[in-house]
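See structure below.
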Amino acid sequence: MTADEIKIKFLELHPAAVAEENADWPAFEVNADSWKSLALQLRNLPEWHCDYLFCLTCIDWKTHLTMVYHLSSTTYRHNFVVKVKIDRNKPVIDTVCDIWRTAEFHEREVFELFGVHFNGHPDLRLLILPDGWEGKYPLRKDFEDPINMIKL
């Protein structure tokens with residue numbers, strides 16, 4: 001599918017989505033409440049067959065957090081991005097590691113570095129940082145490290 005075809009078909013599948021303009025890849029913003037069911041459709045519908053989540057990350061905008069999912073179909077070779085805005089003060093979203101196994105590691109990383117809790121994740125615990133860093137989210141914009149004098 002071309003980028004324009006992806007945009008048209010995605011908006012047919014999920015009319016509440018907002019398509020981004022001027023993106024390198026087709027990109028869509030969806031509501032957190034509908035993300036899990038949409039993810040299942042993107043994985044299971046034969047016309048999409050998004051069998052590969054190759055990047056999952058988070059962005060801190062100071063007012064909210066945005067989860068960013070890069071999806072691909074190894075069958076059709078199309079790529080696109082799905083973004084989900086979540087509350088910065090209570091960052092919670094459903095896991096997709098039961099849909100795409102690669103998400104398990106990435107969700108643990110986002111949990112550790114941004115403080116996002118993934119409902120249904122089987123193993124949310126520190127991945128990189130040593131013990132004692134629980135609740136200190138070093139990739140958030142309000143993180144301060146007085147020892148190394150880091151302030152964003």
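Rule-based calculations on the coordinates, nothing more; no lab input. Values in this document were obtained by computation on a predicted structure and should not be read as measured data. Cβ sites come from the backbone with ideal geometry, for glycine too, and all protein chains shown count toward neighbours.
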Quiz item: In deg cm²/dmol and to the nearest 500, what is the mean residue ellipticity at 222 nm of the chain if only DSSP H runs of at least 4 residues count, each as -39500 (n - 2.57), divided by the residue total?
Solution: -7500 deg cm²/dmol
Quiz item: Given labels modelled 7 Å from the Cα in the Cβ direction, how far is it in nm from TYR52 to ASN22?
Solution: 3.0 nm
Quiz item: With labels modelled as points extended 7 Å from the Cα through the Cβ direction, what inter-label distance (nm, one decimal) is found for LEU11 paired with SER37?
Solution: 2.2 nm
Exercise. List the residues whose amide H sits under 5 Å from the amide H of HIS121, counting only those 5 or more places along or on another chain, with H placed 1.01 Å from N in the peptide plane.
Key: THR95
Self-check item: Selection from VAL92, HIS49, HIS70 lying farthest towards where the dipole of region 3-151 points positive, charges on Cβ
Solution: VAL92
Exercise. Quick one: of LYS7/LYS141; LYS9/LYS85; LYS7/LYS90; LYS7/LYS36; LYS9/LYS83, which pairs are farther than 28 Å apart, Cα to Cα?
Key: LYS7/LYS141; LYS7/LYS90
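What dipole magnitude, in Debye to the nearest 20, does the chain give about its Cα centre under +1 on Lys/Arg Cβ and -1 on Asp/Glu Cβ? Please list the in-between numbers first.
On the way: 17 positive and 24 negative charges, 32 e Å.
Around 160 debye, computed over the chain.
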Self-check item: Estimated translational D of the chain in µm²/s (Stokes, Kirkwood radius over Cα pairs; 37 °C; 0.692 mPa s)
Solution: 201 µm²/s
